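Q: Just dropping this structure here.
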Amino acid sequence: MSKELQTKRLLLKELTARDTGLFMDFLLRNKEFFRPWSPEYDKDYEYPDYHRKRLERSAAGSIDGSHYKFGIFHKDNLNRIIGSVSLSNIITGPFSSCFLGYRVDRNENGKGIASEAINSIVKFAFEELSLHRIEANIMPQNKPTIRVAEKCGFVYECSSQKYLQINGVWEDHLHYVILNEKL
């Protein structure tokens, strides 16, 4: 059974292959909105099999504890994904860290959805997974995402030059971190 997290307004539901249609709808209706911050889209990006396989890999990562991907839903509409938030590259032991990723539907921006979802997944990572550190890497020109990370308690740590290839270009990223002070 997939994990679920609840906030005041939102349900964060761990995505599985059964959610392919909903997840694909979310990604395709926001394709151009997400493009400036995304790697080049695969040639099969608009086909259900592509997204189903990715969700299957994500679910397998959840089983071994290395990856969690949640769809973000308004509690009153579980038929439309309005965002996603994920913890990836989870490493336990002395490192006890992971990466945070998140996206919110263009029509839901500015409503506190990202902050609410991130606060919930940070709590999950720290309290249920006992992680010590969550890292977020953000392109310097993505000011709204920087504001959300800072609002959620992430602190700027450093700049990573040519960190990720976005739309075929190696882009610098700002490295933000939040620490679990209870560990």
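The values are calculated or read from the model by the stated rules, or taken from the named source; none is laboratory data. In this text the structure is predicted, and so the values were computed from the model without any measurement. Note: ideal-geometry Cβ built from the backbone for every residue, glycine included; neighbour counts use all protein chains shown. Side chains included, ligands, DNA and RNA excluded: accessible areas come from the protein's heavy atoms. Shrake-Rupley method; radii C 1.70, N 1.55, O 1.52, S 1.80 Å.
Q: Can you name the condition, by its number, that Thr145 falls short on among (1) open to solvent by 70 Å² or more (accessible area, probe 1.4 Å); (2) part of a helix (DSSP H, G or I)?
A: Only one criterion in (1) open to solvent by 70 Å² or more (accessible area, probe 1.4 Å); (2) part of a helix (DSSP H, G or I) is unmet by Thr145, namely (1).
Q: Specify the residue that is least open to solvent (accessible area, probe 1.4 Å); the eligible residues are those in the stretch 149-162 that are of a type outside the set (Lys, Arg) and modelled with pLDDT under 95.
A: Per the stated criteria, the residue is Ser160.
Q: For the stretch 171-183, give me the residue count where each residue is at pLDDT 95 or above and either among the aromatic types (Phe, Trp, Tyr) or surrounded by fewer than 12 Cβ atoms within 10 Å (Cβ to Cβ) (or both).
A: The qualifying residues number 1.
Q: Inspect all residues belonging to the stretch 23-36 and state whether any of them is out of contact with any strand residue (DSSP E or B) (no Cβ under 8 Å at 6 or more places or on another chain), of a type in the set (D, E, K, R) and surrounded by 14 or more Cβ atoms within 10 Å (Cβ to Cβ).
A: There is at least one residue in the stretch 23-36 that is out of contact with any strand residue (DSSP E or B) (no Cβ under 8 Å at 6 or more places or on another chain), of a type in the set (D, E, K, R) and surrounded by 14 or more Cβ atoms within 10 Å (Cβ to Cβ).
Q: From Ile72, Ile82, Ile63, Ile90, which residue is open to solvent by 50 Å² or more (accessible area, probe 1.4 Å) and among the aliphatic types (A, V, I, L, M)?
A: Just one listed residue meets the conditions, Ile63.
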